[in-house]
Amino acid sequence: MTTASPADSAPGTPTVAVLGTGIMGSGMARSLLRDRLPVRVWNRTRSKAEPLARHGATVTDTPEEAVRGADVVLTALTDARSVAETLTAATPGLRPGQVWLQSATVGLDATTDLAHRAAGLGLVYLDAPVSGTKQPAEQGTLTVFVSGPSSARATALPVLEAIGQRTVWVGEEPGGATRLKLVANTWVINMVNGVAECLNLAEGLGLDPQLFLDAMKGGPLDTPYLQGKSAAVLSGDLTPSFALSTALKDSRLILDAAEASGVTLDLVAASAERFARAEAAGHGDQDMIATYYAGRPA
């Protein structure tokens, strides 16, 4: 991987403050650095941000320090509360006109609230949740859904091109991108639980789950997702690319949005129950395919 520092970045490239260096934030930060953008990082637990210094990032002690002088602020945090608290802490270092790329999945009401807070601070708010997990974040191959003023595109473009292979512009008003992300996550959440239940049933019927996977392999119903997630859980490697607790949080946001829009989502409701059981059994920090354990005998 090529590393970069602000000193050897091309003139005119935006300085980016990355707030939150968990699975997604650290991956996106590495992609930004690989494209030779100046990057400042902050994380509540500093030790999780410090490895990025080896790649050329400036590690800061506070959100205020990270955002001061930045052109783009990228939030890659867990939920609405953490985003709101971090924005409050960063406020003394913010200035009107900065572009705020808000990539966390926080739901519709929180997106509206954050957009209002951004307007009060003079920030240009881009609702920008991403589709993808750990490996795409590290490789710069995420899909980024964006809604917000087109006037911010030129400033945001180098960042979007660094972290993603595709940007889907949804509209001019914040909220559109979050709506699309909730739909996309509905597909993922139902799919991962479908994989888990097939493995559960195969084992319950006394079959080697690999027989099922081999039967599907190469056919019209096969997917890399089916094979990859199954291999992970059957090998016992549950290193998170997308944590189960985060999937539970997102499933609840989807259900809130569905209720508000008058839609009934039976599969997501069932998925949320499975995630909750698996989390209660101690699998919250593992990959979301650990929902498999919700279907096994206690």
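The values are calculated or read from the model by the stated rules, or taken from the named source; none is laboratory data. What you see is a predicted model; the values in this text were computed from it and never measured. Here the Cβ is made from the backbone with ideal geometry for all residues, glycine too, and neighbour counts use every protein chain on show. Side chains included, ligands, DNA and RNA excluded: accessible areas come from the protein's heavy atoms. Shrake-Rupley method; radii C 1.70, N 1.55, O 1.52, S 1.80 Å.
Do we find that Thr143 is surrounded by 15 or more Cβ atoms within 10 Å (Cβ to Cβ), hydroxyl-bearing (Ser, Thr, Tyr), in contact with a Ser or Thr (Cβ under 7 Å, 6 or more places away or on another chain) and more than 16 Å from Gly22 (Cα to Cα) in this structure? Yes; evaluated as a whole, the condition is true for this residue.
With respect to the conditions (1) under 30 Å from Leu114 (Cα atoms); (2) open to solvent by less than 40 Å² (accessible area, probe 1.4 Å), Ala278 falls short on a single one, namely (1). Among the residues of region 243-265, just one is surrounded by fewer than 20 Cβ atoms within 10 Å (Cβ to Cβ), in contact (Cβ under 8 Å) with a residue 60 or more places away in the chain and not in a helix (DSSP H, G or I), namely Leu265. Every listed requirement among (1) open to solvent by less than 10 Å² (accessible area, probe 1.4 Å); (2) at pLDDT below 95 is met by Ser5 save one, (1). Considered as a group, the residues in region 30-46 that are part of a helix (DSSP H, G or I) and either open to solvent by less than 10 Å² (accessible area, probe 1.4 Å) or of a type in the set (Asp, Glu) (or both) include one that is nearest to Gln165 (Cα to Cα), and that residue is Ser31.
Could you tell me whether any residue of region 99-107 is surrounded by fewer than 17 Cβ atoms within 10 Å (Cβ to Cβ), outside the structural domain of Ala269 (by the TED database) and touching a residue at least 24 places away in the same chain (Cβ under 8 Å)? There is no residue in region 99-107 that is surrounded by fewer than 17 Cβ atoms within 10 Å (Cβ to Cβ), outside the structural domain of Ala269 (by the TED database) and touching a residue at least 24 places away in the same chain (Cβ under 8 Å). Each residue in region 151-203 was checked for being over 20 Å from Gln135 (Cβ atoms), touching a Ser or Thr at 6+ places or on another chain (Cβ under 7 Å) and of a type in the set (S, T, N, Q), and 3 of them qualify. Among the residues of region 163-174, at least one is in a helix (DSSP H, G or I) and either over 26 Å from the mean Cα position of the chain (by Cα) or in contact (Cβ under 8 Å) with a residue 24 or more places away in the chain (or both).
What is the residue count in region 139-153 for residues that are in a helix (DSSP H, G or I) and in contact with a helix residue (DSSP H, G or I) (Cβ under 9 Å, 6 or more places away or on another chain)? Outline the logic, then answer.
Here is the first cut: in region 139-153, the ones in a helix (DSSP H, G or I) are 139, 150-153.
When the remaining residues are screened for being in contact with a helix residue (DSSP H, G or I) (Cβ under 9 Å, 6 or more places away or on another chain), the result is 139, 153.
Residues flagged as in a helix (DSSP H, G or I) and in contact with a helix residue (DSSP H, G or I) (Cβ under 9 Å, 6 or more places away or on another chain) within region 139-153 amount to 2.
Looking across region 178-235, the residues that are open to solvent by 70 Å² or more (accessible area, probe 1.4 Å), closer than 21 Å to Ser251 by Cβ and of a type in the set (A, V, I, L, M, F, W, C) come down to Val183, Trp187. With respect to the stated conditions, Glu273 fails to be in a helix (DSSP H, G or I), within 24 Å of Ser26 (Cβ to Cβ) and open to solvent by 60 Å² or more (accessible area, probe 1.4 Å).
Filtering region 250-298 to residues that are aliphatic (A, V, I, L, M), within 19 Å of the chain's Cα centre (by Cα) and within 25 Å of Ala110 (Cβ to Cβ) leaves Leu253, Ile254, Leu255, Ala257, Val268, Ala272, Met288.
For first residues located in region 1-29 and assigned by the TED database to the domain that holds His55 and outside any helix (DSSP H, G or I), partners that are open to solvent by less than 40 Å² (accessible area, probe 1.4 Å) and modelled with pLDDT under 95 and lie 6+ apart or on another chain with Cβ distances below 8 Å do not occur.
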